[in-house]
1. Skipping prolines and chain starts, which residues have an amide H placed within reach, meaning under 5 Å, of the one on Val162, given they are 5 or more residues away or on another chain?
2. Mind ranking 135-148, 177-190 by how tightly packed they are, going by the mean number of other C-beta atoms within 10 angstrom, highest first?
3. Using alpha-carbon positions, what is the distance between the centroids of the range 163-204 and the range 124-138, in Å?
4. Carbon and sulfur atoms: what percent of the 1.4 Å accessible area of the range 32-84 do they account for?
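The values are calculated or read from the model by the stated rules, or taken from the named source; none is laboratory data. Not measured: the values here are computed from a predicted model. Because the Cβ atoms are built from the backbone with ideal geometry, glycine has one as well, and the counts that use them run over all protein chains shown. Side chains are part of the model used for accessible areas, which takes the heavy atoms of the whole protein and leaves out ligands, DNA and RNA. Shrake-Rupley method; radii C 1.70, N 1.55, O 1.52, S 1.80 Å.
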Amino acid sequence: MADTATASVLMTDVRRLTDTDSDAHITDAYLLTLIDRSYNKLYRLIATQYESFFDTEDTSKSLIVGQRDYALASDLMHLKGVDIVISGDRYPLRTYNFSARTGKQNASLVSRFDLRAASRYRYRSQANNLRIDPVPDSTEAIVMTYVPRPTRITTSGQTFDVLSGFDDFIIYDASVQVLTRQERDPSAMAALRQDAMQAVVAAASPRDVGDPVNVTDVFFQRNAYPWR
């Protein structure tokens, strides 16, 4: 469940924990930088290790006949997958590696199966673009599911999304950096940070325990392609 935190509140908590309310060397700008770094550290950990916490979709693209490359979302951090929309239904596209870049080995086989013609398409992320292969000859919509880059914390009044309770890690992590800068012993704060991290891991574990460990696309298994 999403929650919110305000940078100024976290900065106040860091000052309280490190007893730096009157320390002129620990400026608000410095604390804001630490809050931003700690939030980014936490966000990237969750985004790379646990599914779907921050996933969003780009539904603005459609295939264009003769066009291979399509711009990725400007805030993209990780691409999770690409679907093609046919008659209102979404079908996942498969990735391809560099050695399979022409797609010619696939095109002649598609007609042998009771599959929609667009299922022959594959994708590959290349620089800031999504490359479709073979070159599209149809105009279906495509949906890119991706993890956006984390919000940058740039002002003390900024409110940003966190996961419930995860702001504790941000506070303790920033406090460790403050104590280290002051050449004070950060070990007790580091232990609190470790406890907060364990809480993050526990909370970010699969939220629906009824889900299988792996999700299998049985549609494509039933209609297995001979070139795989």
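1. The answer is Asp3, Thr4, Ala5.
2. Numbers: 135-148: 17.2, 177-190: 15.4.
Ranked by mean Cβ neighbours within 10 Å, highest first: 135-148, 177-190.
3. The range 163-204 and the range 124-138 have Cα centres spaced 42 Å from each other.
4. Numbers: 1230 of 2640 Å².
Answer for the range 32-84: carbon and sulfur cover 47 percent of the accessible area.
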